[in-house]
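Here, each number is a calculation from the coordinates, and none is a lab measurement. Bear in mind that the values here come from a model prediction, so they are computed numbers and not experimental data. Glycine also receives a Cβ, built like all others from the backbone with ideal geometry; neighbour counts cover every protein chain displayed.
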Amino acid sequence: MKFVLCSVKSCAVGSDGVRHLILCRVILGRAEIVQADTKQCYPSCADYDSGVDSFSAPTKYMIWSSRMNTHVWPAYVLSFKVSSLKGLCLWCMFLTFY
């Protein structure tokens, strides 16, 4: 995992203002295209392990719940506090793991 991009706004926030994020290792397996306007939450058939919005340049990934216990492993818990979100143009955090 070289680069991880996450939205600071979507992280869970504790009562003390500390935000928490779980980074997972995921095996995509055999992916199928899932249209953006669909409500699909299951694979179209048993052959697929995950869904993507595009094969050439995916930006969204879906791991089907039937594969959750075998294809997703929590790897890190990141806890951090943000003093101010005002004035930030980019709502994300870049992390590098070697």
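Remarks
- Taking Tyr48, Tyr76 and counting other C-beta atoms within 10 Å, the order from fewest to most: Tyr76, Tyr48
- Local electrostatic count, Pro43, Cβ distance below 10 Å [Lys/Arg +1, Asp/Glu -1]: -1
- Cα→Cβ-extended label distance, 7 Å offset, between Cys24 and Thr59, nm: 2.2
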